[in-house]
Amino acid sequence: MRTSINLTSSFSASDSLILLQSDLLGLDKFGLSKAEVDHVKKQLKDKANPFVTLNQYNRMVFVIQIGDKASSPKLLEDTRKNGNIIVAQLNTQKIKSAVVVDNLKIQGISTAIAEGIALGNYQFLNHKTGKQKDNSLSQIKIKSDNLTKAEAGQLQNQLDSVLIARDLVNEPLSYLTADQMAKDVAKLGKKSGFKVHILGKKQISTLKMGGILAVNKGSVDPPAFCILEWKPKKVVNKKPYVLVGKGVVFDTGGLSLKPTPNSMDMMKCDMGGAATVTGVINAIALSKLPIHIIGLLPLTDNRPGGNAIVPSDVITMHNKMTVEVMNTDAEGRLILADALSYAKKYKPELVIDLATLTGSAHAAIGAQASVLMGTADEEIKFRLKNCGLKTHERLAEFPFWDEYGEQLKSDVADLSNMGGPTAGAITAGKFLENFIDYPWLHIDIAGTAFLTAPDSYRPKGGTGYGVRLLYNFFLDIANKK
Ligand code: BES
Ligand code: ZN
Ligand code: ZN
């Protein structure tokens, strides 16, 4: 269920309340009896209780004591997690709307609770027939001196865009072919005000995007290449920012069919990078941020059909380099390489690609962070990693030394698409480095884009990882922070 978020200056006696407190004085103002106030105080003495729930039959009241702690990444994440527990309780009681009353002096807490609630309230019901089991909660109102109307609007845009990314990832190939994804992105662009230009197979061939064409060869469905653009009249950047997202709508591995049992089952998530890029540009356009930004989405499935590429095939990429395809399951780097090479024409300020690129990234650090590497300067990396801490969409930077690239030598072509047995996430990044001539960052989201079990407000399935991270990164740029 989508959760709408509005500011309010009042609430009524029948509203369910989420009270954010520095202390427990004056709780009677919110319609709590003396016995209830005593109960709240007793419960919160036990530090193991994150908050207290009062079920007053016609409404629920939640009391969260934050104290006078300064805002920190941990406090924000704990608050999001509390929001996720609260939304489950509200839905159990079939409550439709609740008011967050922010009695704190610090910023960011009412936003975090709203994030936990709205993201925890997500459901993917597109393919459920019959009685829709929609969650009851559809609205939260926030009463706060710490949040402006503009910030509340940005929060809504950001959260709506996370849900869009999740929906795209959760759609199976039976609905979301490359062509369908391009159409869905174009429809979204119309609605939110960003431009979408779709290149079909013919144009991809004319542009000699040999990586995309090679990966698509074993498929019955054509590839597509989407160019998203948000360029308002007033912008803070002379040269555009470009986001590139891996858009493999399903990855069977091709003829190097996925070897590990069950490892193919979740591969509808392999367009997670493209979904995130779509979400970020959507949020930026909805918020009308003064930034010129372009999104590039190479889209195809990876199948072992009739004319599929075989190991040892040599292909010529968009940048004219030749690649020996030693493993058809290392397909993401082939389509990304063409998109990264295409991005040169924009003379970008910075390019960031997001991709469910390697099992190696997931194996190295699990789902707790995405893997970051690239050539952009230290200050940009520092700012992005900081946004990662603030949003809890964290980044772990891996080394990017030249020696790793030596594993990609081929006897017959300029490059092999396979590295050695170790450091697979880094050699994948090193492969991509051959196709850039601008400041660039690569984010491997193989561990974070999709979960096989829920983790608090991150549901099972698509997480929308990266939308909040990059939206906040660009928000800071727009605010010239
Ligand atoms: N799509 C996969 C990577 C992946 C793994 C994404 C797990 C999400 C969860 C990618 O195309 C792939 O198959 N990579 C191979 C590369 C190898 C053959 C060099 C891998 O990581 O094993
Ligand atoms: Zn693969
Ligand atoms: Zn893949």
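Helical runs (DSSP H, four residues minimum) scored at -39500 (n - 2.57) apiece and divided by the length of the chain put the mean residue ellipticity at 222 nm at -10500 deg cm²/dmol. Taking every DSSP bridge with both residues inside the chain, close to 40 percent are antiparallel. Put in line by how crowded their Cβ is, counting other Cβ atoms within 10 Å and starting with the fewest, Glu379, Glu77, Glu397 read Glu379, Glu397, Glu77. Work out the FRET efficiency for Ser33 and Leu125 from their Cβ-Cβ distance, taking R0 = 56 Å, and round it to the nearest 0.05. Once rounded, the FRET efficiency stands at 0.90. Ignoring aspartates and glutamates fewer than eight residues from Lys191 along the same chain, the ones with Cα atoms less than 14 angstrom from its Cα are Asp160, Glu229. Give the cross-link partners of Lys131 among the lysines, using a straight C-alpha distance below 20 Å as the criterion and excluding same-chain residues fewer than 8 apart. Once the sequence-local lysines are set aside, what remains near Lys131 is Lys94, Lys96. Computed over all pairs of different Cα atoms, the Kirkwood value for the hydrodynamic radius of segment 158-478 is 19.0 Å. Over what distance in Å are the Cα centres of segment 280-356 and segment 423-481 separated? Between the Cα centre of segment 280-356 and that of segment 423-481, the gap is 14 Å. Distance from the alpha carbon centroid of segment 365-413 to that of segment 117-158 works out to 32 angstrom. Contact order, relative form, for the chain: 16 percent (alpha carbon pairs under 8 Å, 6 or more residues apart, mean separation divided by residue count). Other residues lying with their Cβ under 15 Å from the Cβ of Asp28 contribute a combined charge of 0, Lys and Arg counting +1, Asp and Glu -1. Once the C-beta distance of Lys460 and Lys347 is scaled by a Förster radius of 45 Å, the resulting FRET efficiency is 0.60 to the nearest 0.05. Each principal axis of the Cα atoms in segment 365-454 has its own extent, and those three values, largest first, are 46, 34, 17 angstrom. When the C-alpha to C-alpha distance is required to be over 24 Å, the pairs from Lys202/Lys345; Lys183/Lys430; Lys183/Lys231; Lys190/Lys246; Lys390/Lys480 that qualify are Lys183/Lys430. What does the net charge come to around Leu104 if you take all other residues with beta carbon closer than 11 Å to its beta carbon, with K and R at +1 and D and E at -1? Once positives and negatives cancel, what remains is -2. So, in Å, what gap is there between the alpha-carbon centers of segment 167-196 and segment 1-49? Cα centroid of segment 167-196 versus Cα centroid of segment 1-49: 41 Å apart.
Listed by chain and number, the lysines placed with their C-alpha closer than 17 angstrom to that of Lys42 are Lys34; residues fewer than eight positions away on the same chain are left out.
Local charge for Lys239 was computed over the other residues whose Cβ lies under 11 Å away, with Lys and Arg +1 and Asp and Glu -1, and equals +1.
Each value in this text was obtained by applying a stated rule to the coordinates, not by laboratory testing. Predicted model only: the values in this text are computed from it and were never measured. All Cβ positions, glycine included, derive from the backbone under ideal geometry; neighbour counts span all protein chains shown.
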